[in-house]
Amino acid sequence: MKLASLRDGRDGRLVVVSDNLQHCLPVEGYATLQAALDDWSGAQAVLETVADRVNGGEGDAFDENACASPLPRAYQWADGSAYVNHVELVRKARGADMPQSFWTDPLMYQGGSDSFLGPRDNIPMADEAWGIDFEAEIVVVTDDVPMGVAAEAALDHIKLVMLVNDVSLRNLIPGELAKGFGFFQSKPSSAFSPVAVTPDVLGDAWRDGKLHLPLKSWLNEEPFGKPDAGVDMTFHFGQLIAHAAKSRPLCAGTLIGSGTISNKLNDGPGKPIAEGGVGYSCIAEMRTIETINHGKPTTSFMKFGDRVRIRMDNENGQSIFGTIDQVVEQYTGP
């Protein structure tokens, strides 16, 4: 089934969306998605009954523009970096070696989860010099996860899957990392897809804790990336959840991100779409390839007025999660 949160107060109003993204129905007894996740064992049957109705043609027209992120705010947002190819390339471009442990122990940071952007909200930025970048990723949503859960058992705690634009401010990152205390200002509010789906909706594309479909992105209407999210993913989502839960339990509604989707090409760096490759899921990786190949980057980070779109289609070319569609706008202060 597919779930969304229409804009209504801080936490939105939960609706079940038809598989074709044409209709939606509210859910009696569960006003918000967080309420349903808190009582997933009881809510699931109710949600499935509503899903049968909406897929039968009942309900109001579904408008992606009316959506907040499925969880407009969450108790926890932890983003991994499961595509180690991306990490290796970025470090190579700045002349830094990559520790071997990165291939066996996932990277993860704890992001801000109190003010997510909606999937069609503009991205407010005060300064283009911050190095504004998008990152197209996959995210899973868990129920309650016990501390010390094993990686394979963790897969059973994945209740929903969605997409995210994990906005990054590349020129603020080096200074923050140099302090040895991680990201904060360099990771502003993220935006999630209009719809979150249960893994069964994904069919055979969801296997081994990975989503085996291309994640498409466009920058100013030009195709930017279409890497397969199931390829070159060093750590599957069960491993990422287990990593997050090593020393603490995770509460229902925890979001775990994959990190930037990144594919290799013949065991080497990928190529832009214009050169026959699958492109990239962020500008930083394109700039990295340009630096490796030509000594310096030529693609600029996002400017005011730039537009990014992110979506994933099924094997029939139909959108699964709806589209993240955002424009960078100048923020002039409160």
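The values are calculated or read from the model by the stated rules, or taken from the named source; none is laboratory data. Here the structure is a predicted model, which is why all the values come from computation and not from measurement. Positions of Cβ are generated from backbone atoms using ideal geometry, with glycine treated the same way; all protein chains shown enter the neighbour counts. Accessible surface is based on the protein model in full, side chains and every heavy atom, while ligands, DNA and RNA are left aside. Shrake-Rupley method; radii C 1.70, N 1.55, O 1.52, S 1.80 Å.
Observations
- Condition met for Val149 (within 24 Å of Pro214 (Cα to Cα) and either touching a residue at least 12 places away in the same chain (Cβ under 8 Å) or of a type in the set (S, T, N, Q) (or both)): no
- Just one of (1) modelled with pLDDT under 95; (2) open to solvent by 50 Å² or more (accessible area, probe 1.4 Å) fails for Glu290. It is (2).
- Within region 136-145, the set of residues being in a loop (DSSP other than H, G, I, E, B) and surrounded by 19 or more Cβ atoms within 10 Å (Cβ to Cβ) comprises Asp143 only.
- Those residues of region 299-324 which are under 13 Å from Asn220 (Cα atoms) and open to solvent by 40 Å² or more (accessible area, probe 1.4 Å), in sequence order: Ser300, Lys303, Phe304, Gly305, Arg307, Arg309
- Scanning region 279-315 for residues that are part of a helix (DSSP H, G or I) and small (Gly, Ala, Ser) yields one hit, Ala284.
- Some residue of region 52-64 being touching a Gly at 6+ places or on another chain (Cβ under 8 Å) and open to solvent by less than 60 Å² (accessible area, probe 1.4 Å): yes
- Scope region 194-205; condition surrounded by 22 or more Cβ atoms within 10 Å (Cβ to Cβ) and either closer than 19 Å to Glu152 by Cβ or not aliphatic (A, V, I, L, M) (or both); matching residues: Pro194
- Residue in region 217-232 that is modelled with pLDDT of 95 or more, assigned to a helix (DSSP H, G or I) and buried (at least 18 other Cβ atoms within 10 Å of the Cβ) present: no
- Taken over region 256-278, residues that are among the hydrophobic types (A, V, I, L, M, F, W, C) and farther than 25 Å from Val167 by Cβ amount to 1.
- Among the residues of region 112-129, those that are in contact (Cβ under 8 Å) with a residue 60 or more places away in the chain and outside any loop (DSSP other than H, G, I, E, B) comprise Leu117, Ile123, Pro124, Met125, Glu128.
- Matching option when the condition is among the acidic types (Asp, Glu) and open to solvent by 40 Å² or more (accessible area, probe 1.4 Å), among Asp114, Asp133: Asp114
- Filter result (assigned to a loop (DSSP other than H, G, I, E, B) and over 18 Å from the mean Cα position of the chain (by Cα)) within region 148-174: Gly148, Val149, Ala150, Asn171, Leu172
- Filtered residues of region 5-30 (kept if in contact with an Asp or Glu (Cβ under 8 Å, 6 or more places away or on another chain) and within 24 Å of Ser113 (Cα to Cα)): Ser5, Tyr30
- Residue check for Lys210: among the charged types (D, E, K, R), surrounded by 20 or more Cβ atoms within 10 Å (Cβ to Cβ), within 18 Å of Gly322 (Cβ to Cβ) and touching a residue at least 24 places away in the same chain (Cβ under 8 Å): no
Conditions (1) closer than 16 Å to Phe224 by Cα; (2) touching a Lys or Arg at 6+ places or on another chain (Cβ under 6 Å); (3) assigned to a loop (DSSP other than H, G, I, E, B); (4) in contact (Cβ under 8 Å) with a residue 12 or more places away in the chain, marked per residue:
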residue: Ile256; (1), (2), (3), (4): no, no, no, yes
residue: Ser262; (1), (2), (3), (4): yes, no, yes, yes
residue: Gly277; (1), (2), (3), (4): yes, yes, yes, yes
residue: Gly317; (1), (2), (3), (4): no, no, yes, no
residue: Val328; (1), (2), (3), (4): no, no, no, yes
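- For region 73-88, filtered to residues that are open to solvent by 20 Å² or more (accessible area, probe 1.4 Å) and modelled with pLDDT of 95 or more, the residue that is farthest from the chain's Cα centre (by Cα) is Tyr75.
- Of the listed requirements (1) within 18 Å of Ser168 (Cα to Cα); (2) open to solvent by less than 10 Å² (accessible area, probe 1.4 Å); (3) out of contact with any helix residue (DSSP H, G or I) (no Cβ under 8 Å at 6 or more places or on another chain); (4) of a type outside the set (S, T, N, Q), Arg91 misses just one: (2).
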